[in-house]
Amino acid sequence: MFGFEEHAERARLLGEVHARPFRLMESGRVVLHLAFLVDERAREADRCFVERLSIQNGQAGPGSNRHHELKLASGTLRWEAHAEFVTYSWDGGIPFASLESLDHPFGEVFHAPGELMTATRVDLSAKISECDAAISRLDRTSLCNSQVHGGQAEIATDFRQDRDGFTHIIIKDKGLDAARGGSLVQRLLEIDTYRVLALMGLPVAQRSASDVTEIEQALVRVTAEMKTTGGFEDNNRLLSELTALAARLEAGAVAGLYRFGASRAYNEIVHLRLQAIDEAVLPEFETWASFLDRRMTPAMRTCQSVEERQANLSRKLARAATLLRTRVDVEAQNQNRELLESMNRRARLQLRLQRTVEGLSIAAVSYYVVGLVAYLLKGGKGLGLMIDPAILTALSVPLVVLLVALVVRRIRNHHSDADA
């Protein structure tokens with residue numbers, strides 16, 4: 001429009017605030033809401049299913065959008081794709097009607113994209129007597145009932161599954177317009193969905209807690225052994241054990257990293273949605289916020305506690321491993337020093353032996369050279385030499401020994417210079 005070059009993500013980012021708009025909803029409606037856990041492959045397969053379903057009903061498919069609506073089974077089916085789950089919401093029919101009498105699309109032909117995580121039913125009605133009758137059938141021990149939007153509506157649920165497997169939410173309309181009704185239904189559905197998803201971190205935390213406890217006990221045993229052992233082999237063995245414990249701990253921490261982070265995010269969304277509906281207390285009833293806070297806070301604290309224990313234990317393992325590694329290094333240095341001293345002793349002995357051999361070799365070479373001189377002088381006598389060969393041989397001995405010694409020394413010095 002302006003002739004400027006647009007950022008590649010501009011349109012997507014501008015549309016993000018409209019990614020999941022709520023529907024206008026008048027009283028006298030039933031909403032069935034299902035949430036399924038999916039991976040990337042299942043999400044794409046589910047998108048293809050929604051595409052085919054839309055085409056079969058003469059409507060356009062979702063394309064690359066993350067939400068889609070189509071008219072189906074005397075009502076409206078809404079599909080949404082999230083990070084790790086997809087949701088289907090259908091509204092239509094008469095409030096408080098049996099599930100069998102509702103012409104909903106979640107029958108045998110429905111293709112479930114993954115494992116069912118939440119199933120919620122919302123009845124929005126302005127008929128006070130019907131709402132009160134339905135509320136009276138909820139479990140009183142966990143019943144939550146409060147006013148919202150300045151008294152324009154009352155919301156009630158017991159957060160339990162009914163005989164059809166749905167969590168039943170009842171909205172008593174006392175003056176809601178279509179926009180307020182639609183936004184209230186969507187927020188209540190999000191609260192029920194995200195409160196379950198937030199609790200998915202609890203089983204992971206409980207499994208991790210037992211593993212962390214075992215590692216803590218093993219660390220106590222290893223550190224106790226460190227006080228009584230001091231040899232290189234013992235320290236090396238303890239270091240190997242600590243390294244294995246650290247690897248085991250990090251594997252568990254990484255496995256739960258995403259789940260704990262997702263649980264925190266989902267729990268925050270639940271609190272934000274509870275703030276948005278602006279609850280007011282009804283006499284003799286508990287609010288949704290107080291009930292969920294009382295029931296979910298221990299689970300969230302368990303996840304937080306396990307995360308903190310993993311982080312603290314990781315630091316303790318690192319400190320213990322550093323201490324042991326230092327001890328192993330010191331032991332290795334001591335062994336290296338002893339080895340060097342032993343090598344020095346051997347070198348000195350070898351030098352002494354070499355000098356001894358040198359002396360013997362000088363004597364041996366001198367003996368052979370003197371022998372050659374004696375043979376030479378004997379031959380000279382035969383040629384008329386007048387001096388006694390024995391005397392000349394005796395006189396040559398010191399000279400030969402000196403010359404051989406000088407030659408050997410020169411050779412040794414030459415090798416020493418070459419090595420240097």
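Specify the residue that is modelled with the lowest pLDDT; the eligible residues are those in the stretch 17-72 that are surrounded by 13 or more Cβ atoms within 10 Å (Cβ to Cβ) and small (Gly, Ala, Ser).
Looking at residues that are surrounded by 13 or more Cβ atoms within 10 Å (Cβ to Cβ) and small (Gly, Ala, Ser), I get GLY61.
Can you tell me which residue is nearest to HIS33 (Cα to Cα) among those in the stretch 146-172 that are in contact with a helix residue (DSSP H, G or I) (Cβ under 7 Å, 6 or more places away or on another chain) and not hydrophobic (A, V, I, L, M, F, W, C)? Full working, then the answer.
Taking the stretch 146-172 and keeping what is in contact with a helix residue (DSSP H, G or I) (Cβ under 7 Å, 6 or more places away or on another chain), we get 146, 148-149, 152-153, 155-156, 158-160, 164, 167, 169-172.
Next cut, not hydrophobic (A, V, I, L, M, F, W, C) only: 146, 149, 152, 158, 160, 164, 167, 172.
Values: SER146: 22, HIS149: 23, GLN152: 23, ASP158: 17, ARG160: 15, ASP164: 13, THR167: 10, LYS172: 19 Å.
Filtering first and then ranking leaves THR167.
Looking at (1) among the polar types (S, T, N, Q); (2) surrounded by 12 or more Cβ atoms within 10 Å (Cβ to Cβ); (3) over 30 Å from ARG52 (Cβ atoms), find the lone condition where SER129 falls short.
Single failed check for SER129: (2).
Count, please, the residues in the stretch 87-113 that happen to be more than 23 Å from ARG187 (Cα to Cα) and either without any contact (Cβ under 8 Å) to a residue 60 or more places away in the chain or among the polar types (S, T, N, Q) (or both).
Looking only at that region, the number is 8.
For the stretch 28-56, name all the residues that are free of Cβ contacts under 8 Å to residues at least 24 places away in the same chain and either basic (Lys, Arg) or in a loop (DSSP other than H, G, I, E, B) (or both).
ARG41, ARG52
Criterion first (assigned by TED's automatic domain parsing to the domain that holds ALA119, surrounded by fewer than 18 Cβ atoms within 10 Å (Cβ to Cβ) and not small (Gly, Ala, Ser)) does ASP177 satisfy it?
On the way: assigned by TED's automatic domain parsing to the domain that holds ALA119: yes; surrounded by fewer than 18 Cβ atoms within 10 Å (Cβ to Cβ): yes; not small (Gly, Ala, Ser): yes.
So ASP177 passes the test.
Could you list, in sequence order, all residues of the stretch 83-93 that are modelled with pLDDT of 90 or more and over 22 Å from ARG160 (Cα atoms)? Steps first, please.
The initial filter retains those residues of the stretch 83-93 that are modelled with pLDDT of 90 or more, namely 84-91.
Result: GLU84, single match.
To keep it simple, each residue is scored yes or no on (1) more than 22 Å from ALA262 (Cβ to Cβ); (2) outside the structural domain of GLU216 (by TED's automatic domain parsing); (3) in contact with a helix residue (DSSP H, G or I) (Cβ under 8 Å, 6 or more places away or on another chain); (4) part of a helix (DSSP H, G or I).
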site	(1), (2), (3), (4)
ARG295	no, no, no, yes
MET300	no, no, yes, yes
ARG309	no, no, yes, yes
ARG315	yes, no, no, yes
ALA318	yes, no, yes, yes
ALA321	yes, no, yes, yes
ARG325	yes, no, yes, yes
ALA332	yes, no, yes, yes
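So which residues in the stretch 78-92 are in contact with a Gly (Cβ under 9 Å, 6 or more places away or on another chain) and among the hydrophobic types (A, V, I, L, M, F, W, C), if there are any at all?
PHE85, VAL86, TRP90
The values are calculated or read from the model by the stated rules, or taken from the named source; none is laboratory data. Since this is a predicted model, take the numbers as computed values, not measurements. We place every Cβ from the backbone using ideal geometry, glycine too, and count neighbours over all the protein chains shown.
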